[in-house]
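Colleague: Have a look at this one.
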Amino acid sequence: MYGWTGKLLHVDLTSGTCERREIPTEILHAYLGGRGLGVRLMRDYFRLDPFDPQMPLIFAVGPLCGTNSPTAARLACVSRSPLTGTIYDCSAGGRFAWRLKGAGLDVVFVTGKSATPVVLAIDGDRAEILAAGELWGKGVKETVAALKGRGSVTAIGPAGENGVLFANIMMGEGNSIGRGGLGAVMGGKLLKAVTVQGEGVTGVADRERFDAARADVMRLFRASPVIFGELGIAEYGTPALVDLMAQRRMAPTENFKSTFFAQSANYSGPAIRKECGAKKEGCYGCPIQCKKASAKGEPLPEYETVNHFGALNGISDLHAIVRANTLCNELGLDTISAAATLSAFGEARGRFPDPVEVDRLLTDMAFRRGDGELLCQGSRRVAEALGKPGLSMSVKSLELPAYDPRGAYGMALAYVTSNRGGCHLRAYPISHEILRKPVPTDRFSFSGKARIIKIAEDVNAAVDSLVACKFAFFGATLEEYGELLSAVTGVEYGPESLKAIGERIYLTERFYNCANGFSMKDDLLPERFYSEPGSAGEGIEIPPLDRARFQEELQKYYRIRGLSPDGTFDDASLLEKLP
Ligand code: SF4
């Protein structure tokens with residue numbers, strides 16, 4: 001077989017066993033890898049509580065990983081989120097995915113719960129579960145350093161050990177499996193880290209076709225202003241968006257009370273380069289290298305992080321924002337949810353935290369002490385506990401990222417229809433509403449957005465299953481990635497068949513969620529967006545959203561998806577009809 005290895009490592013931490021199993025070829029062809037494959041493998045488990053010992057934690061690579069397909073050295077981690085209660089996946093880059101494939105694996109499927117802290121060590125054909133009592137309680141950096149010599153590492157910090165509902169799994173090279181708290185699922189299993197070494201080579205079915213497809217992708221990358229333009233992400237990383245969002249008056253500020261922060265230039269892409277000596281970094285083998293690191297090699301914050309530790313908490317000190325980012329990485333906390341939870345807490349008590357207090361509260365969150373015992377549960381539970389539920393700016397308990405939906409109406413729809421909660425990575429209408437790619441749409445209109453969001457969700461589910469980086473699609477399309485996939489695997493895929501796979505994945509996720517009680521009542525935006533205007537700066541007016549028009553478009557979305565008017569499924573046997 002080309003592209004895939006066809007092998008899954010089944011790890012049972014309760015019995016302490018590791019066993020290689022075959023993955024049916026039909027499943028690989030129908031779900032590809034990464035998110036899709038992980039979601040399919042959850043079919044017998046999605047009803048379990050996220051902290052049930054039998055709940056799987058799935059690491060899955062894709063068929064392009066191990067080749068030099070641009071941006072494809074990635075994996076997805078899939079489980080059920082303790083923060084949202086939804087099915088959850090997150091994609092992360094780094095050498096780990098490449099080495100996992102090199103060890104002859106498409107999937108590591110971890111189930112059970114160890115009696116004592118352990119590390120799962122994979123080295124080529126061998127896998128063993130090692131005692132890790134001395135690592136428990138240690139930060140991410142120290143853990144990764146202690147496991148040096150075992151290849152690539154993915155590990156949790158104190159936040160994951162202590163069950164923080166938005167704890168990350170951190171990749172040793174600085175990337176993270178973020179947002180939905182899969183670090184807490186890993187910590188619940190007493191699994192401190194996974195290490196992997198592997199030197200195997202991924203076979204390519206048609207090398208000539210692959211080289212031509214790769215050349216096409218690279219040509220489109222070079223032609224994309226968003227990727228390689230003067231102000232693009234290769235130059236400044238995602239903080240390139242800071243100035244753009246400020247100009248469009250859609251940068252969430254002080255818990256989304258306004259959409260403009262007068263000091264945001266302090267942490268723009270150019271400011272970070274000047275102040276921190278930012279240099280290019282990136283995921284293994286990626287030609288874009290959008291990540292940035294300080295002169296000392298410390299990962300620098302992304303756009304979402306600078307906005308949320310900045311404007312969202314009323315902080316303008318770049319160095320304080322960088323420090324909060326570093327602290328989150330070390331403790332294994334998700335930066336978006338941590339900062340947004342602090343912001344909701346700040347508004348509820350009438351005072352946003354200053355930089356010194358931010359550092360203390362982040363540490364308290366990770367160790368669940370003092371205010372941290374409440375804050376570690378995320379903004380929805382914090383706001384409810386403080387008697388102000390409307391102050392949690394989240395959808396399905398997942399804190400919203402740094403695009404105010406009052407400034408881009410497609411984003412309003414994308415936040416509520418995302419299967420993992422308020423997220424910008426399921427559909428990214430900012431692409432056409434703000435970046436005007438592939439075609440511009442009116443950002444202050446709902447017209448046509450239901451169909452656009454549906455298509456984008458299907459495309460992104462396919463991209464997350466290849467697994468490729470979404471930033472690649474600021475230049476390339478499924479046309480070129482379909483060519484790459486066909487060349488690697490020897491199985492014909494094109495944009496339409498990939499979109500059909502994405503749709504299958506999306507519907508499976510939504511079906512799982514509905515079976516667990518989710519419906520239209522959860523496809524809800526925070527009330528503030530309907531009742532308060534945005535912007536506190538001069539220029540563009542940002543009125544509240546029109547609730548009736550939003551609901552109308554949501555109903556249209558359900559119809560296009562084949563869902564009932566309450567957003568659920570009429571056909572209870574959907575999964576039985578899918579491969
Ligand atoms: S574009 Fe950035 S995030 Fe995406 S794979 Fe490349 S370095 Fe990683």
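Each reported figure results from applying straightforward, stated rules to the coordinates on display, with no laboratory input. Just so we're clear, the structure is a prediction, and the values are computed from it rather than from any experiment. Quick reminder, even Gly has a Cβ in these numbers, built from the backbone with ideal geometry, and neighbours come from all protein chains shown.
Colleague: Stokes-Einstein diffusion coefficient for the range 112-257 at 4 °C in a medium of 1.567 mPa s, Rh from the Kirkwood formula over Cα pairs: what value in µm²/s?
Modeller: Answer, rounded: 69 µm²/s.
Colleague: Separate question: Starting from a Cα-only point model with no solvent, please compute log10 I(q)/I(0) by Debye for the range 1-64 at q = 0.19 1/Å.
Modeller: Relative scattering, expressed as log10 I(q)/I(0), comes to -0.78.
Colleague: Now, a different point. For the charge dipole of the range 443-579, defined by +1 on Lys and Arg C-beta atoms and -1 on Asp and Glu C-beta atoms about the Cα centroid, which residue among 497, 518, 533 has the Cα displaced farthest towards the positive pole?
Modeller: Of the candidates, 533 comes out farthest on the positive side.
Colleague: What does the charge count around residue 496 come to, taking other residues whose C-beta lies under 14 Å from its C-beta (Lys +1, Arg +1, Asp -1, Glu -1)?
Modeller: Net charge in that neighbourhood comes out at -3.
Colleague: Rounded to the nearest Å, what's the spacing between the alpha carbon centres of the range 441-510 and the range 48-95? Just the number, please.
Modeller: Each part reduced to its Cα centre gives a spacing of 18 Å.
Colleague: What full-extension length gain, to one decimal in nm, is calculated for residue 130 and residue 515 as 0.36 nm per residue of separation minus the Cα-Cα distance?
Modeller: Between residue 130 and residue 515, full extension yields 134.9 nm more.
Colleague: Also, quick follow-up: Can you give the helix-only mean residue ellipticity at 222 nm for the chain, where every DSSP H stretch with n ≥ 4 adds -39500 (n - 2.57) and the sum goes over all residues, rounded to the nearest 500 deg cm²/dmol?
Modeller: Roughly -11000 deg cm²/dmol at 222 nm, from the helical runs in the chain.
Colleague: Additional query: Return a whole-number percent for the relative contact order of the range 21-78, with Cα pairs under 8 Å and 6 or more residues apart as the contact set.
Modeller: Contact order relative to length: 35 percent.
Colleague: Here is a further query. Using the Kyte-Doolittle scale, find the helices of the chain whose mean hydropathy is at least 0.5 and whose Cα atoms extend 15 Å or more along the helix's long axis, counting only whole DSSP H runs.
Modeller: Result, helices passing both filters: 318-331, 335-349.
Colleague: Follow-up. For the chain, with only Lys/Arg (+1) and Asp/Glu (-1) charged at the beta-carbon, what is the dipole magnitude about the Cα centre, in debye rounded to 20?
Modeller: I would put it at about 240 debye.
Colleague: For the pairs 141/274; 521/556; 138/192; 449/556, flag any whose C-alpha to C-alpha distance is greater than 18 Å.
Modeller: 141/274
Colleague: Lysines within cross-link reach of residue 279: Cα-Cα under 18 Å, excluding same-chain residues under 8 positions apart?
Modeller: 291, 292, 296
Colleague: With a ≥ b ≥ c the root eigenvalues of the C-alpha gyration tensor of the chain, is it rounded (a/c under 1.5), prolate (a/b larger than b/c) or oblate?
Modeller: Rounded, since a/c falls under 1.5.
Colleague: Okay, moving on. For the range 133-173 and the range 322-376, what is the separation of their C-alpha centers, rounded to whole Å?
Modeller: Measuring centre to centre over Cα atoms gives 19 Å.
Colleague: Please state the relative contact order of the chain as a whole percent: Cα pairs under 8 Å, 6+ residues apart?
Modeller: 16 percent
Colleague: Restrict the search to the range 116-175; then list the GluC sites (Glu not before Pro) that DSSP places in a loop and that have at most 15 other Cβ atoms within 10 Å of their Cβ.
Modeller: 134
Colleague: On to the next question. Would you work out which of 476, 145, 133 lies farthest towards the positive end of the dipole of the chain, given +1 charges on the beta-carbon of Lys and Arg and -1 on that of Asp and Glu, about the Cα centre?
Modeller: 145
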